[in-house]
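*Asks:* Here it is, the structure, as structure tokens.
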Amino acid sequence: MAILVVAEHDNSSLKSGTLNAVSAAQQIGSDVNVLVAGSNSRAVAVSAAQLTGVVKVIHADNACYEHQLAESVAPLVAEFGKSHTHVLAAATTTGKNLLPRVAALLDVAQISDIVEVKSEDTFVRPIYAGNALATVQSSDSIKVLTVRTTAFADAATGGEAIIEDTDFGVEQASTKFLGETLSVSARPELTSASIIISGGRGMQDGENFVLLEKVADKLGAAIGASRAAVDAGFVPNDYQVGQTGKIVAPDLYVAVGISGAIQHLAGMKDSKVIAAINKDEEAPIFQIADYGLVADLFKALPELEELLTE
Amino acid sequence: MKILVGVKRVVDANVKVRVKSDGTGMDLANAKMAINPFCEIAVEEAIRMKEAGVADEIIAVSIGPQVCQEQIRTALALGSDRGILVETEDQAEPLAVAKIFKAIIEKEEINLVILGKLSIDTDNNQVGQMIAALCNYPQGTFACSAEIKEGKIEVSREIDGGEQTVLLDLPAIVTTDLRLNEPRYASLPNIMKAKKKPIDIIQPSDLGVDISSNLKTLGIETPAERSAGVKVESVAELVDKLRNEAKVI
Ligand SMILES: Cc1cc2nc3c(=O)[nH]c(=O)nc-3n(C[C@H](O)[C@H](O)[C@H](O)COP(=O)(O)OP(=O)(O)OC[C@H]3O[C@@H](n4cnc5c(N)ncnc54)[C@H](O)[C@@H]3O)c2cc1C
């Protein structure tokens, strides 16, 4: 039997987390199907079919899936999940909203945020904000897993899977989608950026984030933030990196005016290289930073921007 | 309207926990325990709804050993009306917890369930969604605002790209994100009063729920620690290192 990966998308393009979920699936077994539930989402099914290793794309195109509400999509995934050994999705807010609902419909456990596949029934996942790694074995007939995207490579393209349409639809009258406000940014997305520069409470206010933006522009970097910076209203909530925000692992993470609380580290400590700028030489962030600069960020950031211009 | 809130007993968020040397679990001996921060936000939200006159009764549920009564008492001191402890020896897995909640929801005829989106120990982020599935209720997860409007609840949700707003029929499940509200502290008089509020102690079997799980934890280990690197003296040195040593810019 095959493995089912639930695609994440916006009806026009596939989200990068799906590529990571597909490569996690390939570590479990070779037979991988992808489920695309959306509305006018043909383009997504076509790009899913191009992922290497995908055998079949199941495409449920129906107005009821336009906003991919868990209430509609979960019964669909559960129905197709029954003929698969595993059901996977990226551990994004979409995947986390959906897969527990699927698992409960199937009366099986869900394993969250796996970072390693040990075997077809054994997986490793972080607990206690990443302070520990638990190895968990499941004897359920169907294993339902969310995948930490930073722990698995992107699946390659070049495949030619078949696309199979289904008219399975689930009307849900009890949940109504009212609207969405999505941040628009010309910068790379946090979770897929190769360089991230993040600001914390030390930035003092939202306007000072301009200092970070100028450096980010030079580096082609995404901008992140600590919870303290988001709570204080400096930047929108989708900038938050950490246990309860986004999990990132770029080639370079620059933490500016961030103390390095365990909940923040939980979201970025797997970055390849970490640099920190903080005026307090005792700040815990320096304990994990490859390069630490003890300095006032209001002096350091303009200097950094200038040096990067040269 | 009757609201059910979950209060999980977890290690305090400020405690740095370590893995036991034998790899069987975390070393929590003598660690300070508390209500899971997200559950605290759930309790606060319920209290605000009661204060606003849209809710009549708040029931706080905890699942775990006898000591979890401490967390229920805190929820009572904050403003919940009564408590239910569902006694289990070990920590129940999310699916079992969801089944227990479903049984209580049916028994107590609950209109709204507010839970934390995750607990900071197991980091699962599952229970609310699972209850919603089992009860076939709508779900408003990762809520940063929740408002009762004409017999429905409007929930804004923190999602990866920004925020999404949904309108849910009641009964519904809401799970809290950090920015939903800022929980109050319990006052001393309220702590005294809470001692008189009732806590029912029941067993999962009283609810007809089997809490056995198909998950087995084979081991727990400490992740590879990152060590501190070097301190650089200037911005110029930082740029030089990033460019020529780490080669990341
Ligand atoms: C349940 C729970 C979940 C949480 N989830 C998250 C999460 O997902 N992400 C997250 O980030 N946090 C999270 N937190 C919060 C976390 O515990 C910290 O409170 C938060 O990360 C602190 O943010 P900060 O480092 O910006 O602020 P602070 O800890 O206040 O640090 C500010 C730093 O800026 C430095 N500074 C100040 N001025 C300057 C200057 N002029 N130049 C240079 N440096 C300066 C200071 O020396 C200090 O080190 C969570 C907490 C809880 C309880």
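The values are calculated or read from the model by the stated rules, or taken from the named source; none is laboratory data. Note that the coordinates shown come from a computational prediction; the quantities given were computed from them, not determined experimentally. Neighbour counts are summed over all protein chains in view; Cβ atoms, including those assigned to glycine, are modelled from backbone coordinates with ideal geometry. Surface areas here come from the heavy atoms of the whole protein model, side chains and all, with no ligands, DNA or RNA. Shrake-Rupley method; radii C 1.70, N 1.55, O 1.52, S 1.80 Å.
*Asks:* Given the residues A:259, A:185, which is the only one that is open to solvent by 40 Å² or more (accessible area, probe 1.4 Å), of a type in the set (S, T, N, Q) and over 24 Å from residue B:119 (Cα atoms)? Break it down stepwise before answering.
*Replies:* Details: A:259 fails: over 24 Å from residue B:119 (Cα atoms).
Just a single option satisfies the conditions, and that option is A:185.
*Asks:* Sort out which residues of the range B:27-81 are more than 15 Å from residue B:194 (Cβ to Cβ) and of a type in the set (S, T, N, Q), and write them in order of number.
*Replies:* Within the range B:27-81, B:30, B:36, B:66 meet the criteria.
*Asks:* Based on this model, can you work out whether residue A:57 counts as under 21 Å from the mean Cα position of the chain (by Cα) and either over 26 Å from residue B:136 (Cβ atoms) or surrounded by 21 or more Cβ atoms within 10 Å (Cβ to Cβ) (or both)?
*Replies:* Values: under 21 Å from the mean Cα position of the chain (by Cα): no; either over 26 Å from residue B:136 (Cβ atoms) or surrounded by 21 or more Cβ atoms within 10 Å (Cβ to Cβ) (or both): yes.
Here the answer is no, as residue A:57 does not meet what is asked.
*Asks:* In the range A:129-170, how many residues are open to solvent by 20 Å² or more (accessible area, probe 1.4 Å) and among the hydrophobic types (A, V, I, L, M, F, W, C)?
*Replies:* Residues flagged as open to solvent by 20 Å² or more (accessible area, probe 1.4 Å) and among the hydrophobic types (A, V, I, L, M, F, W, C) within the range A:129-170 amount to 8.
*Asks:* Condition (residue is within 16 Å of the ligand (Cβ to nearest atom), over 14 Å from residue B:75 (Cα atoms) and open to solvent by less than 50 Å² (accessible area, probe 1.4 Å)) applied to the range B:182-192: is it met by at least one residue?
*Replies:* Within the range B:182-192, not a single residue is within 16 Å of the ligand (Cβ to nearest atom), over 14 Å from residue B:75 (Cα atoms) and open to solvent by less than 50 Å² (accessible area, probe 1.4 Å).
*Asks:* Among residues belonging to the range A:128-159 that are within 17 Å of the chain's Cα centre (by Cα) and facing another protein chain (nearest Cβ under 9 Å), point out the one that is nearest to residue A:24 (Cα to Cα).
*Replies:* A:146
*Asks:* Let me ask another. I need the full set of residues from the range B:142-181 which are of a type in the set (Ser, Thr, Tyr) and within 16 Å of the ligand (Cβ to nearest atom), in order please. So that I can check it myself, show each step before the final result.
*Replies:* The first filter runs over the range B:142-181 and keeps only residues of a type in the set (Ser, Thr, Tyr), leaving B:145, B:156, B:165, B:175-176.
Result: B:175, B:176.
*Asks:* Is it fair to say residue A:37 is open to solvent by less than 40 Å² (accessible area, probe 1.4 Å), closer than 21 Å to residue A:155 by Cβ and in contact with a strand residue (DSSP E or B) (Cβ under 8 Å, 6 or more places away or on another chain)?
*Replies:* On the way: open to solvent by less than 40 Å² (accessible area, probe 1.4 Å): yes; closer than 21 Å to residue A:155 by Cβ: yes; in contact with a strand residue (DSSP E or B) (Cβ under 8 Å, 6 or more places away or on another chain): yes.
So residue A:37 passes the test.
*Asks:* Still on this structure, please answer the following. Cβ-Cβ below 7 Å, separation at least six or inter-chain, first residue in the range A:217-230 and within 14 Å of residue A:206 (Cβ to Cβ) and within 9 Å of chain B (Cβ to nearest Cβ), second within 14 Å of the ligand (Cβ to nearest atom) and of a type in the set (Phe, Trp, Tyr): which pairs?
*Replies:* A:230/A:239
*Asks:* Select from the range B:128-162 the residues that are among the aliphatic types (A, V, I, L, M), within 22 Å of residue B:209 (Cβ to Cβ) and touching a strand residue (DSSP E or B) at 6+ places or on another chain (Cβ under 6 Å) and list them in ascending order.
*Replies:* Taking the range B:128-162 as the starting set, the residues that turn out to be among the aliphatic types (A, V, I, L, M) are B:130-134, B:143, B:146, B:148, B:153, B:155, B:159.
Those still in the list that are within 22 Å of residue B:209 (Cβ to Cβ) too: B:130-134.
Result: B:131, B:132.
*Asks:* Any idea how many residues of the range A:244-253 are more than 7 Å from every other protein chain (Cβ to nearest Cβ) and near the ligand (Cβ under 7 Å from one of its atoms)?
*Replies:* 1
*Asks:* Does the range B:1-46 hold any residues that are in contact (Cβ under 8 Å) with a residue 40 or more places away in the chain, away from the ligand (no atom under 11 Å from the Cβ) and within 10 Å of chain A (Cβ to nearest Cβ), and which are they?
*Replies:* Those that are in contact (Cβ under 8 Å) with a residue 40 or more places away in the chain, away from the ligand (no atom under 11 Å from the Cβ) and within 10 Å of chain A (Cβ to nearest Cβ): B:11, B:18, B:19, B:20, B:23, B:25, B:26.
*Asks:* Could you check the range A:296-306 and list, in sequence order, the residues that are open to solvent by 20 Å² or more (accessible area, probe 1.4 Å), within 12 Å of the ligand (Cβ to nearest atom) and not in a loop (DSSP other than H, G, I, E, B)?
*Replies:* So the first thing to find is which residues in the range A:296-306 are open to solvent by 20 Å² or more (accessible area, probe 1.4 Å), and the list is A:296, A:298-299, A:302-303, A:305-306.
Still in the list and also within 12 Å of the ligand (Cβ to nearest atom): A:296, A:298-299.
Of everything in the range A:296-306, those that are open to solvent by 20 Å² or more (accessible area, probe 1.4 Å), within 12 Å of the ligand (Cβ to nearest atom) and not in a loop (DSSP other than H, G, I, E, B) turn out to be A:298, A:299.
*Asks:* For the range A:254-295, how many residues are assigned to a loop (DSSP other than H, G, I, E, B) and either more than 15 Å from residue B:229 (Cβ to Cβ) or facing chain B (nearest Cβ under 9 Å) (or both)?
*Replies:* At the first step, the residues of the range A:254-295 found to be assigned to a loop (DSSP other than H, G, I, E, B) are A:257-261, A:269-272, A:279-283, A:288-290, A:295.
When the remaining residues are screened for being either more than 15 Å from residue B:229 (Cβ to Cβ) or facing chain B (nearest Cβ under 9 Å) (or both), the result is A:257-259, A:261, A:269-270, A:272, A:279-282, A:288-290, A:295.
Qualifying residue count, the range A:254-295: 15.
*Asks:* Can you tell me how many residues in the range B:123-153 are open to solvent by 30 Å² or more (accessible area, probe 1.4 Å) and facing chain A (nearest Cβ under 7 Å)?
*Replies:* If we filter the range B:123-153 for residues that are open to solvent by 30 Å² or more (accessible area, probe 1.4 Å), which is where we start, we get B:127, B:134, B:136-137, B:145, B:147-152.
From the residues that got through so far, the ones that are facing chain A (nearest Cβ under 7 Å) too are B:134.
Residues meeting the conditions: 1.
*Asks:* Being more than 23 Å from residue A:272 (Cα to Cα) and without any contact (Cβ under 8 Å) to a residue 12 or more places away in the chain: is that true of residue B:149 here? Break it down stepwise before answering.
*Replies:* Numbers: more than 23 Å from residue A:272 (Cα to Cα): yes; without any contact (Cβ under 8 Å) to a residue 12 or more places away in the chain: no.
No; evaluated as a whole, the condition is false for this residue.
*Asks:* Sticking with this structure for a sec: Is the range A:278-287 home to any residue that is without any contact (Cβ under 8 Å) to a residue 12 or more places away in the chain and either within 20 Å of residue B:247 (Cα to Cα) or surrounded by fewer than 20 Cβ atoms within 10 Å (Cβ to Cβ) (or both)? Even if it seems obvious, please write down each step before you answer.
*Replies:* Narrowing the range A:278-287 to residues without any contact (Cβ under 8 Å) to a residue 12 or more places away in the chain: A:282.
Then keep just the ones that are either within 20 Å of residue B:247 (Cα to Cα) or surrounded by fewer than 20 Cβ atoms within 10 Å (Cβ to Cβ) (or both); that gives A:282.
The answer is yes, given that some residue of the range A:278-287 is without any contact (Cβ under 8 Å) to a residue 12 or more places away in the chain and either within 20 Å of residue B:247 (Cα to Cα) or surrounded by fewer than 20 Cβ atoms within 10 Å (Cβ to Cβ) (or both).
*Asks:* Then there is this: For the range A:201-223, which residues satisfy the criterion of being within 15 Å of the ligand (Cβ to nearest atom) and of a type in the set (Asp, Glu)?
*Replies:* Result: A:205, A:207.
*Asks:* I would also like to ask the following. Considering only strands (runs of 3 or more DSSP E) fully contained in the range B:15-119, which possess at least 1 residues that are crowded, with 19+ Cβ neighbours inside 10 Å and on the phi > 0 side of the Ramachandran plot? Spell out the reasoning first.
*Replies:* Working: elements: B:33-35, B:57-64, B:82-87, B:112-116.
Because the criterion is at least 1 residues that are crowded, with 19+ Cβ neighbours inside 10 Å and on the phi > 0 side of the Ramachandran plot, the strands (runs of 3 or more DSSP E) in the range B:15-119 that meet it are B:57-64.
*Asks:* Sticking with this one: Taking the options A:133, A:145, name whichever one is touching a helix residue (DSSP H, G or I) at 6+ places or on another chain (Cβ under 9 Å) and either of a type in the set (Asp, Glu) or at pLDDT 95 or above (or both). Give the steps one after another, and end with the answer.
*Replies:* Details: A:133 fails: touching a helix residue (DSSP H, G or I) at 6+ places or on another chain (Cβ under 9 Å).
Answer to the selection: A:145.
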